[in-house]
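Worksheet: the structure to be examined is printed underneath.
Read the figures in this text as sums done on the coordinates, not as results from a lab. Bear in mind the structure is a predicted one, so any value in this text is a computation, not a measurement. Positions of Cβ are backbone-derived with ideal geometry, glycine not excepted, and every protein chain shown enters the neighbour counts.
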Amino acid sequence: MRWRTKDQDDEIEEPDFYYENEFPYDASPYVIVEKPGIGAGPFLLGILLGAGAALLFAPQSGEETRAGIARSARRVQQNAQDLVEDVSENVADKFRQVRDSVEERIEATLDSVDDKRRRVSNAYQAGRAAAREARGELEQRIADTKAAYKES
């Protein structure tokens with residue numbers, strides 16, 4: 001006889017125990033094993049141990065090995081400097097391109113604003129001139145009307 005725990009959501013009435021030959025599905029026990037993720041630590045340790053073993057069993061003398069390491073270090077340093085210079089030049093070029101683009105857009109915007117300001121100013125002057133002309137015509141009509149009124 002084996003015992004079974006009842007889930008809270010279990011709506012089917014089943015006994016808390018069952019006989020091995022009555023259980024409706026395979027009840028073989030199983031084990032779940034969780035392995036933690038392997039980090040970069042063991043990999044780096046392996047690299048260091050391999051490098052140390054290579055130095056110990058190298059067919060060269062210590063002086064030759066040190067000179068080779070120094071050459072490799074200088075080569076890596078030079079490659080890193082070249083990479084930094086390339087990236088710096090690319091960033092500087094991109095910055096110049098963006099700055100030029102922004103300056104062009106600002107100039108185009110200022111030109112557009114100046115054009116619209118000139119148009120508004122011209123329209124204002126034209127409106128003032130039209131108003132002066134209309135006022136002159138109105139004053140002339142008033143004068144003509146007064147003169148016609150005095151004659152009658």
> Given the Cα-Cα distance of R96 and Y149 and 0.36 nm per residue of separation, how much length would full extension add, in nm?
Replying inline: 11.3 nm
>> Among A92, G68, A108, which residue has its Cα furthest toward the positive end of the charge dipole of the range 64-148, with +1 on Lys/Arg Cβ and -1 on Asp/Glu Cβ?
In response: A108
